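First the structure, in the form of structure tokens, and then the observations on it.
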Amino acid sequence: MSLPAQAAPVERPVLWTSTFTSGTLAHQVACVSGVAFEMRVISLRAGDHRKPDYLALNPKGEVPALQLPDGTVITEVPAIIYWFAEAAPESGLLPRALPARAKALEWLAWCHWSMGRHFNPCFSATRFVDGDEEAATAVRKSAAKRARAALEYADAALRRAGGTLLGTAQPTAPDIFLAALGGFASYLKMDITDLQALTAMMGRVMTMPGVAAAMEKEKAIG
Ligand SMILES: N[C@@H](CCC(=O)N[C@@H](CS)C(=O)NCC(=O)O)C(=O)O
């Protein structure tokens, strides 16, 4: 782990992340894009994201963050995905033409909203209720119900579109985001085996060479 020295300039895009977090999704997309980037891993458990050097880079104190050679720092998963898709227009991460491109942004926004509104409260319910354990149990339960409903909604959309969210032959960035949400289900011990369109799409995403490479790398880091 190395922290940014007061956001010292970088020579190529640097993805600041932490393994097996929402940063993993940014890492997957970065690898699929084929854009040359460097990954720097910080430890949330050790509280690296709250240390002054990291806060100088991303005052939100969150991962992922993408630091560019011109000094720009991009945060928020959809914006980072968008940057990699724009940097690699031939990658197929986002459709080039309207209206498909706008639909892709719609799905990225939906996935991001669902992550924050339904999945995050499952993982960190106590934060939403200022540490009140009893209230946290209720929050966790209702959030899990909404998370499951969101995955059901996406499963139906996949079925209608023929296997990928945008009806493309290959999964696009919205599919990769949705696959990450589906992956959260296993952390939550949520059975999604009945959501066959979703699980089939998740399987396809996991075999994308960029996604597989990102997962291998994170496993090796631990
Ligand atoms: N709004 C951020 C949220 C990302 C997020 O939830 N990051 C988590 C890790 S999965 C984080 O950094 N948590 C640290 C904290 O909140 O203390 C985004 O979309 O990029």
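Quick notes on this one:
- Only one entry in Glu38, Glu11, Glu62 is touching a strand residue (DSSP E or B) at 6+ places or on another chain (Cβ under 9 Å), open to solvent by 30 Å² or more (accessible area, probe 1.4 Å) and within 10 Å of the ligand (Cβ to nearest atom), namely Glu62.
- Residue pairs meeting the criteria (Cβ under 7 Å; at least 6 apart or on separate chains; first open to solvent by less than 10 Å² (accessible area, probe 1.4 Å), in region 104-116; second part of a helix (DSSP H, G or I) and within 11 Å of the ligand (Cβ to nearest atom)): Leu108/Pro78; Leu108/Ile81; Leu108/Phe177; Cys111/Phe177
- Condition met for Ala150 (in a helix (DSSP H, G or I) and surrounded by 15 or more Cβ atoms within 10 Å (Cβ to Cβ)): yes
- Once region 41-59 is narrowed to residues that are in contact with a strand residue (DSSP E or B) (Cβ under 7 Å, 6 or more places away or on another chain) and either more than 10 Å from the ligand (Cβ to nearest atom) or open to solvent by 60 Å² or more (accessible area, probe 1.4 Å) (or both), the residue that is nearest to Leu15 (Cα to Cα) is Val41.
- Single residue of Ala104, Ala87, Ala56 found to be of a type in the set (Gly, Ala, Ser) and under 25 Å from Gly182 (Cα atoms): Ala104
The values are calculated or read from the model by the stated rules, or taken from the named source; none is laboratory data. All of these numbers come straight from a predicted model, not from anything done at the bench. Virtual Cβ from ideal backbone geometry, glycine too; neighbours counted across all protein chains shown. For accessibility, only protein heavy atoms count, side chains too; no ligands or nucleic acids. Shrake-Rupley method; radii C 1.70, N 1.55, O 1.52, S 1.80 Å.
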